[in-house]
1. Can you order the peptides 3-12, 150-159, 22-31 by their average number of other Cβ atoms within 10 Å per residue, highest first?
2. Along Cα→Cβ, 7 Å out, is where each label goes; now give me the distance between the ones at residue 26 and residue 112 in nm to one decimal.
3. Taking 0.36 nm per residue of separation and subtracting the Cα-Cα distance, what length does fully extending residue 96 through residue 145 add?
């Protein structure tokens, strides 16, 4: 036996180290995340699911994010899959140091205050997930092109009516500057 240990001791040590690593990975303590109704709600939990206390009731179908956003003026995280996705976003955002919920603050703005935006155009913007002036004001030129391409009969209106510039004034609350640049609201 001593001869066997003397010959194979590097393999035995390697097996023990690998076993310890695998054991640690399998049995390490995992982060426990419990969401309760008493805790402070994150932005994506303000909807219908956050109000439900019964777990069976919480598993019933809830409106899709677009439907919920239209009815409440908000987006993100409805239903079990949405809650899981939001939780993953919270954890990954914290690890990466990114504000993953930056676009969720505040209620929807009346996009029809923009010159050139009527009810149909506003509904098209809502279908793209755009509900507030600050969202429009932060669009990059590539994003403007992408959104504009999906506007159908309203294609080209972003540039022609200077929608991004109008939204920038209204997002900042500069109604006087808006009226100087674009006329009466």
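1. Working: 3-12: 9.4, 150-159: 13.8, 22-31: 7.5.
With the highest mean Cβ count within 10 Å placed first, the list reads 150-159, 3-12, 22-31.
2. For residue 26 paired with residue 112, the spin-label model returns 6.3 nm.
3. On the way: separation 49, 0.36 × 49 = 17.64 nm, distance 2.89 nm.
The span from residue 96 to residue 145 would gain 14.7 nm if fully extended.
Here, each number is a calculation from the coordinates, and none is a lab measurement. Computed from a prediction, not measured in an experiment: that's the story for all the values here. Cβ sites come from the backbone with ideal geometry, for glycine too, and all protein chains shown count toward neighbours.
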